[in-house]
1. Using only Cα atoms, what Kirkwood radius does the range 17-83 have, in angstroms?
2. Give me Rg over Rh for the chain, both radii from the alpha carbons and Rh done the Kirkwood way, two decimal places.
3. Mean shadow of the range 68-172, computed from the convex hull of its alpha carbons, in nm²?
4. Once you wrap a convex hull around the alpha carbon atoms of the range 67-128, what is its projected area averaged over all directions, in nm²?
5. Order the peptides 94-103, 70-79 from the highest to the lowest mean number of other Cβ atoms within 10 Å of their residues.
6. For the range 191-209 and the range 127-146, what is the separation of their Cα centres, given in Å?
7. Report, by chain and number, residues whose modeled amide H sits under 5 Å from the one on residue 15, excluding near sequence neighbours (fewer than 5 apart, same chain).
8. Just to confirm the filter: which trypsin sites (Lys or Arg not before Pro) across the range 129-230 are DSSP coil and have at most 14 other Cβ within 10 angstrom of their Cβ?
Amino acid sequence: MLKSIIFDMDGVLVNSEPVHYRAYLMALERWEKSLTYDEYKKYVGTTNIVIIEGLIEKFNLPIDAEAFNEIMKGYKAFLYQRDGYPPVDGVTEMLRSLKNAGYSMAVASSSPYENILLATEALGIQEYFNQLISGEGVPNPKPAPDVFLKAAAALGTRPEECLVVEDSCHGVCAAKNAGMPSIGFVNPDSGDQDLSCATRLTKNLREVDADYVKAVYDSFRPVRDGSLQI
């Protein structure tokens, strides 16, 4: 039986990928480098450190990942302070509907915990969540299932009692690897993501109500061969 719903944050609750992309462009200007959005989108759904390590290798940058990450924190903070946190349309209505239906809910994001805390507070949606889980504290990033399994444990539910809402290829594959059905949210600002691992796709979060998530959950057939989706 479905008991808990786990949400990615960036691109599902907060329309943050364009903000993050601008921050990376600002950082790369230090070395007169640039990145197209098509190049950036392949990193969507992974942790900041994975993205940064990829950029350092791609451009042979004379900086370590920790120092680059500190620069990025500053640029992101500046952009969010200046422009605010852009919500994805329909988020509050969706969360209110699912909370009223009795589901426990968690955020399970690759972002740092402090970013999750700030974003959910700024959008006024923190009250809907029982747990806020960061992928920075797990051994393996998405598409490994670690962050979703950690969220399920924190909620006190088994993986097979959970459903995930995600917008990235890495995210829906992580859900499948965790043995959880997922709703793949088609967010144009997240790039052209391969969401084929998702149980069902939606372009409108307003339709994700109690009946919708139950139908998705009931239609899910978990992977039985132990293979990892990547």
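We did not get these values from a lab; they are worked out from the coordinates using the rules stated. Computed from a prediction, not measured in an experiment: that's the story for all the values here. Using ideal geometry, Cβ is built from the backbone for each residue, glycine included, and neighbour counts are taken over all protein chains shown.
1. Numbers: mean 1/r = 0.0834 Å⁻¹.
In the range 17-83 this quantity evaluates to 12.0 Å.
2. That ratio equals 0.96.
3. So the Cα hull casts an average projection of 7.3 nm².
4. Dividing the Cα hull surface by four gives the mean projection, 4.7 nm².
5. So the order, starting with the most tightly packed, is 94-103, 70-79.
6. Here the answer is 20 Å between Cα centres.
7. For residue 15, whose amide H was placed from the backbone, the distant partners under 5 Å are 88.
8. Values: sites: 150, 176, 200, 203, 206, 214, 224; in loops: 203, 224.
Those satisfying the criteria are 203, 224.
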